[in-house]
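The values are calculated or read from the model by the stated rules, or taken from the named source; none is laboratory data. These figures come from a predicted structure and were not determined experimentally. Don't worry about glycine lacking a Cβ; one is built from the backbone with ideal geometry, like all the others, and counts go over all protein chains shown. Please note that ligands, DNA and RNA were not included when accessible areas were found on the heavy atoms of the full protein model with its side chains. Shrake-Rupley method; radii C 1.70, N 1.55, O 1.52, S 1.80 Å.
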Amino acid sequence: MAVVDQPKPSVDAPIEDVLTASGLTGETLTLRVLKGVPGGDTAEVAYQVPVVAGMVILDAVHYVQHNLDTDLACRWNCKAAKCGSCSAEVNGHPVLMCKTRVDDLPAGPVTVHPLKSFPLIKDLVTDVSRNYEVNREIPPFTAAPDDGTPWRIPQQDIDRLYEFRKCIECFLCQDVCHILRSHDYSDRFYGPRFFVRVASLEMHPKDVLDRRDQTRDQGGLGYCNITKCCTEVCPEHIHITDNAIIPLKERVADVHWDPVRFVGRKLFGRNAD
Amino acid sequence: MPGLYAAGEVAGGLHGANRLGGNSLGDILVFGRRAGDAAAAFARTDGATRAIDDAQIAAEQAALLQPLGGDANGSAPAENPYKLHEDLQLAMQDDAGIGRSEESLQRALAAILTLRERSARIRVAGGRALNPGWHTCREITNMLTISEAIVRSAIERRESRGSQWRFDHLEQDAEFGKINFVTRRGDDGMGVASVPLIPLPDRLRPLLERSRFYDAAKLPKGYLTETARAVGTRRKKK
Ligand code: SF4
Ligand code: SF4
Ligand code: FES
């Protein structure tokens with residue numbers, strides 16, 4: 001039970017007093033938020049937000065919602081960079097709003113826009129349902145029938161999989177990838193998040209399925225030209241390109257472009273791999 | 001209410017007086033499974049299709065839409081639901097935290113009742129699509145109900161137990177260990193009734209009785225009392 005010595009604001013205190021008690025810096029932030037719905041007018045609306053020490057962009061958006069514009073839509077949940085809901089483009093960079101500190105940004109107005117690669121629903125909220133469809137297309141982890149022996153998995157394999165398991169499905173990597181963002185190939189390209197998922201399954205020593213052809217054919221793995229933009233924006237610091245995509249490309253090449261294996265496969269079937 | 005199932009912590013009361021971080025996982029698994037099985041079985045019965053009173057639906061819709069309906073009635077100014085939310089947070093934080101007393105709880109109750117009056121005048125701009133202010137109107141209404149139930153029950157529980165430290169009742173009272181407080185909506189507001197606990201199955205009782213927390217006499221000397229007294233005196237000085 002914390003005993004608070006500083007004077008507490010009364011229940012009826014205006015929000016400004018409450019904030020003073022929790023560390024107003026005296027500065028004001030101009031937040032330019034893209035507001036609108038598809039088919040209607042979308043425009044940046046500027047809001048003046050009093051800055052609090054340690055404030056993150058999501059705090060500023062909440063201040064706007066609470067005090068200036070209760071109708072401003074944004075997704076969020078954990079405010080701890082773990083649920084992956086609050087993705088947006090702050091000053092043009094795809095980030096988690098709850099992890100982006102105001103004092104880390106250059107002085108001056110800050111723009112907050114919705115993720116550009118997904119269809120807009122309202123204000124900062126986009127429709128990311130295509131990602132869930134792709135997710136369903138990937139066959140889940142499948143082990144061989146249980147023969148009663150305990151699984152032994154080497155630590156290296158565990159470490160490799162743990163990196164991929166850190167994904168919080170914020171879809172920032174999907175947002176930044178030019179195959180989806182500029183070419184709009186969401187119908188033929190799974191995107192970095194799902195190459196991470198496929199890699200985690202393909203590299204699991206106890207998984208028995210083979211998703212390489214699917215990843216090449218429906219997943220469009222070949223479109224990726226290893227720009228590493230996805231890796232750069234990943235808030236979980238997953239080495240998407242180096243540890244998931246490139247090894248997957250190698251595995252696909254093993255099947256389709258290794259002449260020795262190619263002949264072997266023709267002669268002896270898939271198990272020749 | 002037939003057909004309504006609860007899973008997880010909302011199923012209530014599983015962990016007794018205290019609730020430690022991570023305990024919810026047990027609730028999720030046990031009650032998720034039980035609620036899922038039961039709901040599936042219920043869906044196959046005739047009872048699953050029942051007529052719902054249109055008047056009730058209309059009343060609920062009207063209540064939901066009211067905050068979108070332009071000016072607040074009467075001369076008092078419209079209320080911002082987020083303001084109410086903040087005020088409720090402060091009232092609960094200050095007066096209904098882990099350390100509490102009759103005096104502080106009565107203060108919290110008074111604040112909640114005032115907020116409830118104000119909540120009749122919440123108004124927000126915008127429409128029904130993804131309007132967080134409008135969602136908050138619903139949430140604050142529910143939060144006020146839950147907060148009132150918490151505070152009214154805490155007032156009745158004149159003892160310290162688990163995560164309730166009553167500065168005015170520092171000891172755990174074995175008699176209170178035999179009852180639960182249940183809040184019900186009555187004609188003149190919310191009422192609190194005490195109901196006896198359902199006795200533990202015989203196979204579980206020895207487990208619980210072994211616990212030193214089951215019986216206040218077995219509590220380590222000074223547990224609760226000393227710390228609570230210290231905090232209580234410091235608070236009173238303020
Ligand atoms: S490395 Fe590949 S998947 Fe990642 S952003 Fe670049 S093109 Fe897209
Ligand atoms: S891989 Fe990284 S950037 Fe992509 S969805 Fe997962 S956590 Fe987000
Ligand atoms: S709110 Fe959960 S990641 Fe930002």
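Summing both sides, how much accessible area is buried between B and A? Use a 1.4 Å probe and give Å² to the nearest 100.
Counting both chains, the buried surface is close to 1800 Å².
Taking a threshold of 26 Å on the Cα-Cα distance, which of the pairs A:LYS116/A:LYS228; A:LYS228/A:LYS266; A:LYS79/A:LYS206; A:LYS206/A:LYS228; A:LYS79/A:LYS122; A:LYS116/A:LYS166 fall above it?
A:LYS228/A:LYS266; A:LYS79/A:LYS206; A:LYS206/A:LYS228
Can you put A:LEU29, B:LEU65 in order of accessible area, largest first, using a 1.4 Å probe?
B:LEU65, A:LEU29
Considering protein heavy atoms only and a 1.4 Å probe radius, which residues within the range A:111-153 exhibit an accessible-area decrease of no less than 30 Å² in the full assembly relative to the chain by itself?
Residues shielded by partner chains are A:LYS122.
Per residue of the range A:238-248, in order, report the coupling 6.51 cos²θ - 1.76 cosθ + 1.60 (Karplus, θ = phi - 60°) as ³J(HN,Hα) in whole Hz, putting x for Gly and Pro.
Listing the rounded values in order: 6, 7, 4, 5, 5, 9, 10, 6, 5, x, 5 Hz.
For the range B:1-116, what mean projected area does the convex hull of the alpha carbons give, in nm²?
11.3
Using only the alpha-carbon atoms of the range A:29-137, report the extent along each of the three principal axes, biggest first, to the nearest angstrom.
Projected onto the principal axes, the Cα atoms of the range A:29-137 cover 45, 32, 24 Å.
Calculate, axis by axis, the spread of Cα positions in the range A:131-181 along the three principal axes, and write the results as whole Å, longest axis first.
If we take the Cα atoms of the range A:131-181, the spans are 47, 24, 17 Å.
As a test question: what accessible area, to the nearest 10 Å², does A:THR28 have when a 1.4 Å probe is rolled over all protein chains in place?
Around 90 Å² of this residue is reachable by solvent.
Check B:SER101: other-chain or 5+ apart residues with amide H under 5 Å from its amide H, H built from backbone geometry?
Result for B:SER101 returns B:PHE167.
Starting from the Kirkwood Rh over alpha-carbon pairs, what translational D in µm² s⁻¹ does chain B have by Stokes-Einstein at 25 °C and 0.890 mPa s?
The Stokes-Einstein estimate is 116 µm²/s.
Could you give the distance between the Cα centres of the range B:14-43 and the range A:214-273, to the whole Å?
For the range B:14-43 versus the range A:214-273, the Cα centre distance is 42 Å.
Mind checking the dipole of chain B: about its Cα centre, +1 per Lys or Arg Cβ, -1 per Asp or Glu Cβ, Debye to the nearest 20?
Here chain B has a charge dipole of around 840 debye.
Just to make sure I understand: if all protein chains stay in place, what is the order of B:ARG34, B:ARG121 by accessible area at 1.4 Å, largest first?
B:ARG34, B:ARG121
Keeping every protein chain present and rolling a 1.4 Å probe, give me the accessible area per residue for the range B:14-54 in Å².
Computed with neighbouring chains in place, this is 76 Å² per residue.
Tell me which of A:PHE171, A:VAL134, A:CYS98 sits at the most positive position along the dipole axis of chain A, charges placed on C-beta atoms (Lys, Arg +1; Asp, Glu -1).
Sorting the options by dipole projection puts first A:VAL134.
Quick one, what does Rg over Rh come out to for chain A if you take C-alpha atoms and the Kirkwood Rh?
1.09
Just by accessible area at a 1.4 angstrom probe, what is the order of A:GLU137, A:GLU232, A:GLU163 from largest to smallest?
A:GLU232, A:GLU137, A:GLU163
Which distance in nm do the two modelled labels at B:ALA63 and A:LEU209 give, with both placed 7 Å along the Cα-to-Cβ direction?
Here the answer is 4.5 nm between the modelled labels.
Between A:ASP187 and B:VAL30, how many nm apart are label points set 7 Å from Cα along the C-beta direction?
So the two model labels end up 5.1 nm from each other.
Could you report chain A's accessible area per residue, 1.4 Å probe, as an integer in Å²?
52
Mind checking which of B:ALA39, B:ILE112, B:ILE52 is farthest towards the positive end of the range B:31-136's charge dipole, using Cβ charges of +1 (Lys, Arg) and -1 (Asp, Glu) about the Cα centre?
Farthest towards the positive pole: B:ALA39.
Got a number for carbon plus sulfur as a percent of the protein assembly as shown's accessible area, 1.4 Å probe?
Here it works out to 54 percent.
When the scattering of the range A:191-250 is computed by the Debye formula from its Cα atoms alone, each counted once and equally, what is log10 I(q)/I(0) at q = 0.16, 0.18, 0.23 Å⁻¹?
Results for the range A:191-250 at q = 0.16, 0.18, 0.23 Å⁻¹ read -0.46, -0.58, -0.91.
Per q in 0.12, 0.13, 0.17, 0.18 1/Å, what log10 I(q)/I(0) does a Debye calculation on the alpha-carbon atoms of the range A:126-242 return?
Normalising to I(0) and taking log10 leaves -0.45, -0.52, -0.85, -0.94.
Mind checking Rg over Rh on the range B:105-163, alpha carbons, Kirkwood formula for Rh?
Using Cα coordinates only, the ratio equals 1.14.
Within chain A, which cysteines find no other Cys whose Cβ is under 4.7 angstrom from their own?
A:CYS74, A:CYS86, A:CYS98, A:CYS167, A:CYS170, A:CYS177, A:CYS224, A:CYS229, A:CYS234, each lacking another Cys Cβ under 4.7 Å.
At a probe size of 1.4 Å, how large is the accessible area of A:ILE121, to the nearest 10 Å²?
70
Counting only C-alpha contacts under 8 Å and six or more residues apart, can you give the relative contact order of chain A as a whole percent?
Result for chain A is 14 percent.
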